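First comes the structure, then the notes that go with it.
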Amino acid sequence: MSAAASQPAAGAHTPAGRGAFVPNPGLWLTLAVVGGVVALFIAYPLWQILSQGFLNRRGELDVAAYTSILTRPVYQTVVLNTLQLGAVTALLGTALGFLYAYTLVRVPSRLGRGLRVIAFLPLVSPPFAVAMAAILLFGRSGLVTRGIFGIEYNIYGLQGLVLVQVLTFFPVAFLIFEGMLRQVDASLEEAALGMGASGGHIFRTVTLPLLTPGIAGALLVLFIESLADLANPILIGGNFNVLASQSWIAIIGQSNFQLGAALSVVLLIPSLLAFILQRYWVDRRSYISVTGKPTGGSVRVADPRMRAALLLVCCGVAALVVLLYVTIFLGALTRVWGADFSLTLEHFGGVLAVGQRALVDTTMLAIVATPLTALLGLTIGYLVVRKHFPGREALDFVSMMGGAVPGTVLGIGFILAFNRPPVWITGTAFIIVACFLVRSLPAGLRAAVAALHQVDPSIEEASTNLGASGLTTFRRITVPLIRSALLAGMLFSFARNMTAISAIIFLVSPRWKIATKEILDLIELGYLGQAIAFTTMLMLIVFAAMGALTFLVGRTGRSRDVLVVEAGR
Amino acid sequence: MSQVSSQAGRLSRRRFLRLAALSAATIPVLQACASPPAAPATAPKADAPTAAPAKPATSPAASPSPGASPAASPSPAAQAAPAAKPVAKGSGKLNVLASPQLPWIQAQVKAFSDTFGIETNFVRKSGGESLAQLRAEGGRPTFDVWWGSPVDSFISARADGLLESYVPPTAAEIPTKYKDADGFWHGIYLGSIGWAINTKRLGEKGLPDPKVWDDLLKPELKGEVVMAHPATSGTAYTTVMTIMQTRGEDKGWEYFKALHRNIFQYTKSGAAPMRMLDGAEAAIGIVFSHDIFVSVEKGLPIALTFPQDGTGYEVGGMALIKGAQNVPEARQWIEWALTPAAQEIGATAQAYQAPTNPKAKVPKPEFMQVKLIDYDFAFAGANEERIRTRFLEEIAPAPND
């Protein structure tokens, strides 16, 4: 931590300690390779989406798709549904994330550690887990709704989607707020307290204003996540369609690529606006550094009733999360949920017969993609933070976009771009690895950038002055210094790869099967027990691999780094 | 507070580099696996069947003198009994696009690859999805053979020029009405639309037991009927066609507008309503009878019934995909899949569709011994895209709460 102290890391995107742009062949070559990868796998597919929306099946210029989106009531409803869901999820998720973080930071208790671990569960679990458990518990034959309260609750629709999305995405907001609350300067609140202000008054006039950028950021990030979500609308949306699911049906059901592309563009607009707002407006107004030293540990909630209430709410949420995951495990062992609750192992046997290949393929491809992501993210991060070259901002922006655009948009862009020469890679492992790479690049890149801001460039300069080449310095000085942040980035990349669905769903092929798509198929074919067993196995693999990776590289992936990565999503 | 010692730092750096090197080493492995895109580069392979006589060496048994005895050259006897020998010439690989239940596909694929030593991969997609995939790939297909979607989709695909004609010798055993006159597709099974009734739920709620199609419109059944979405499911499209063909299109649209008020949910796949029937989330599902019977066999309170005023049925088809990269293997599959032995595999994997080959044993004859309508496959195929889109845009989105 001594190295970090001298670099205040004012803003994540302010270039620090960069010299003038000195062209050198090694740098040029690196730039060309990195720029080529980013252009080919992010910019090119997105360009395809934009252009295909205006081309009909015969390849003629045609605005029919956009006209029908603008004029047909069905598509207007879908657009409104999407925005409504995004807004509600963002508001509730941010509120819950804030409450959770505030409690964990300001109400110290022995439960803190456990509560924190529970909040991580939804972040690294497969996309259908929460929704399936919610149906089993709160659906028409739900154990809770029908079994305990004897009511028939229809969970399919907006209500179920909000429940599931809030529980899935609130941890993202939680991590943002946790980081901010730990680093907010305690002296301001202590001063207010010293001048006799009440707890509620301080909260309103000091704490909240300090956290405003965090609130705005969390709202925007959750809005983006909600819009991009495909798995939950498919499973629990019922007849409530959103843009992500409608564009998916346009492609897989109607084989109308023009409509699918046009719907994607409509989905892209609010997502991209939110992304740009978050990046250029919220981030620049940050009063506190996410990467500095923890300073805010000393402020506590004084009122015991308040403390109890906060803890109670958080424990309630955590208990709900735990209940959902326990339901998944039990569901995997139950013969037919709702009809025959006898225990069985037959579903696991079924998964081993049906899904072994998918599990192996997915794990293997995720393992291949993870270090590649780390390498690419580190290289881009290093170039962006330490070097000065034309197009630096564009490289950073486009790299981040691969993860920020909704997965369906990128997936559709991938088939449009890569199912024809010159780069014909559909049906191969390449396209899946490329997709993993692009989707988790922002996690790796943010980790690298945040970590690099903590490393004083003078250490690297000393190495260069002693005669080491740029590559040697990078390899022997920079990389070891930011290793733990890289590990954290890799952990999240791997979990994201294993559980990705919205983009990858378009790219499976006879040779390469993806576990999440197999789970969706099993659900659709009515093999709910097997689907749940499959989900359980996928979760176990993710947890085991994360544990193994942490162990392998040493327990250096401290919570600080994990936090930085997630806050950067 | 956590200054890493230089020794530890170097060790872990080495480990990190090893990881990086490992990931770099996987690239050539991936490259080796990436055969599909490489295939178009070796273009002559696509023409392999026509070029086959030029290379007699690979099939010593069949062609000692291809020109000498023209009468013997098609050798119907040898082909009629598909010998367990590898095909004459080809990649030894086959990609199958399949729609039936997973266990059946797996059993079928395993039997084929065991018999012929051909490495066979498959992807399961519903009928609508399969057609969409072929259209999307437009002449550059990932797959060689398409097996087991309702033939409505095959008729549409043929009209779009996505299929290749191939008449195997075994096709002679298939009745004329279950195959395309020009050999673009062949039927492999028959299945009738039925109703799955969760008797427990129906009884507990005191709901009326439906007898004819119009009974499904009763207001008491609000939110109790599940069917798949015709835009993505062949099953649902067969259901829509059943009504449209017996009542005419206008009356048909009226029927589905009315039925929509009772619909709990439109699922993506045809068999998916069974998930909600099994879990007692809904009382009635419109599903193929063979899919319903799986739940009956599980011992769940599910009854399989049929509308008394006539039900529709599907012929599950099979075709060679135009532009397929493994044509000899695909032909081998088609020839084999029409044999009685191949058509009896389904019943071993809980797939109770009736085989099209009269010589094959019928697992559940009663499923087809119900009142069937005179289903017009040509009409269904010709109007598929229009009707699916209209359903998606006008029927399904209407509010029904």
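Points to keep in mind about this one:
- Inter-label distance, B:Ala159 to A:Asn24: 6.6 nm, where each label sits 7 Å from its Cα along the C-beta direction.
- The spread of Cα positions in region B:187-301, taken along each principal axis and listed from longest to shortest, comes to 38, 37, 23 Å.
- Summing charges over neighbours of B:Glu393, with a neighbour being any other residue whose Cβ is under 14 Å away from its Cβ, gives +3 when K and R count +1 and D and E count -1.
- The protection proxy used here, the mean number of other Cβ atoms lying within 10 Å of each residue, ranks peptides B:117-123, B:92-98 as follows, highest first: B:92-98, B:117-123.
- Accessible-area order (highest first, 1.4 angstrom probe) of the listed residues A:Leu538, A:Leu277: A:Leu277, A:Leu538
- Within 10 Å of the Cβ of each residue in B:137-143, the mean number of Cβ atoms contributed by other protein chains is 4.
- Between B:Leu163 and B:Lys322, the built amide H atoms are under 5 Å apart, and every one of these is 5 or more places off in sequence or on another chain.
- Pairs with C-alpha atoms separated by more than 22 Å, drawn from the list B:Lys179/B:Lys359; B:Lys93/B:Lys322; A:Lys517/B:Lys179; B:Lys211/B:Lys298; B:Lys257/B:Lys298; B:Lys211/B:Lys361, are A:Lys517/B:Lys179; B:Lys211/B:Lys298; B:Lys257/B:Lys298; B:Lys211/B:Lys361.
- Highest mean packing first, where packing is the average number of other Cβ atoms within 10 Å per residue, the peptides B:372-378, A:410-416 line up as A:410-416, B:372-378.
- Pairing chains A and B buries close to 6300 square angstrom of accessible surface in total, based on protein heavy atoms and a 1.4 angstrom probe.
- Note, ³J(HN,Hα) from phi for region B:236-243, Karplus 6.51, -1.76, 1.60, rounded to Hz, x at Gly and Pro: 5, 5, 4, 4, 4, 5, 4, 5
- Computed FRET value (nearest 0.05) for A:Leu83 with B:Ala382, which takes r as the C-beta separation and R₀ as 30 Å: 0.20
- 14 Å Cα-Cα reach of A:Lys513 towards aspartates and glutamates, excluding residues that sit fewer than 8 places from it in its own chain: A:Asp361, A:Asp521
- With a 10 Å cut-off around each Cβ of B:267-274, the average count of Cβ atoms from other chains is 5.
- 10 Å Cβ neighbours from other chains, averaged over peptide A:517-530: 6
- Per-residue packing, averaged as other Cβ atoms within 10 Å, sorts the ranges A:366-376, A:263-273 into the order A:366-376, A:263-273, beginning with the highest.
- By the Cα gyration tensor, region A:123-178 has an equivalent ellipsoid whose semi-axes, rounded to whole angstrom, run 25, 11, 10 from largest to smallest.
- Amide H partners (placed H, <5 Å) of A:Asp456, local residues excluded: none
- Scaling the Cα radius of gyration of region B:270-316 by the globular reference 2.2 N^0.38 Å produces a ratio of 1.14.
- Stokes-Einstein D in µm²/s, Kirkwood radius over Cα pairs - region A:355-474 at 20 °C with 1.002 mPa s viscosity: 132 µm²/s
- In terms of Cα atoms, the Rg and Dmax of chain A work out to 24.0, 77 Å.
- The listed residues A:Ile276, A:Ile523, once ranked by accessible area (1.4 Å probe) with the largest placed first, stand as A:Ile276, A:Ile523.
- Rolling a 1.4 Å probe over the protein heavy atoms of region A:148-262, with every protein chain left in place, gives an accessible area that is 66 percent carbon and sulfur.
- For region B:96-234, the normalised intensity computed at q = 0.17, 0.18, 0.19, 0.22 Å⁻¹ comes to -1.02, -1.08, -1.16, -1.40 (log10 of I(q)/I(0), Debye sum over alpha carbons, equal scatterers, no solvent).
- Two-decimal Rg/Rh across region B:326-401, once Rg and the Kirkwood Rh are taken from alpha-carbon atoms: 1.14
- In this structure the amide hydrogen of B:Phe122, modeled in the peptide plane, comes within under 5 Å of the amide hydrogens of B:Val96, none closer than 5 places in sequence on its chain.
- Exposure rank, largest accessible area first [A:Leu330, A:Leu507; 1.4 Å]: A:Leu330, A:Leu507
- ³J(HN,Hα) computed for each position of region A:106-117 - Karplus, 6.51 cos²θ - 1.76 cosθ + 1.60, integer Hz, glycine/proline x: 9, 10, x, 7, 5, 7, x, 4, x, 4, 5, 4
- Principal axis analysis of the Cα atoms in region A:17-134 yields extents of 64, 57, 26 Å, listed in decreasing size.
- Expressed as a fraction of 2.2 N^0.38 Å, the C-alpha radius of gyration for region A:313-400 is 1.87.
- In region A:410-557, inverting the average of 1/r over every pair of distinct C-alpha atoms gives 18.0 Å as the Kirkwood radius.
The values are calculated or read from the model by the stated rules, or taken from the named source; none is laboratory data. Please read all numbers here as calculations on a predicted model, not as lab measurements. Methodologically, a virtual Cβ is constructed for each residue, glycine included, from the backbone with ideal geometry; neighbour enumeration extends over all protein chains shown. Ligands, DNA and RNA are excluded from the accessible area calculation, which covers all protein heavy atoms including side chains. Shrake-Rupley method; radii C 1.70, N 1.55, O 1.52, S 1.80 Å.
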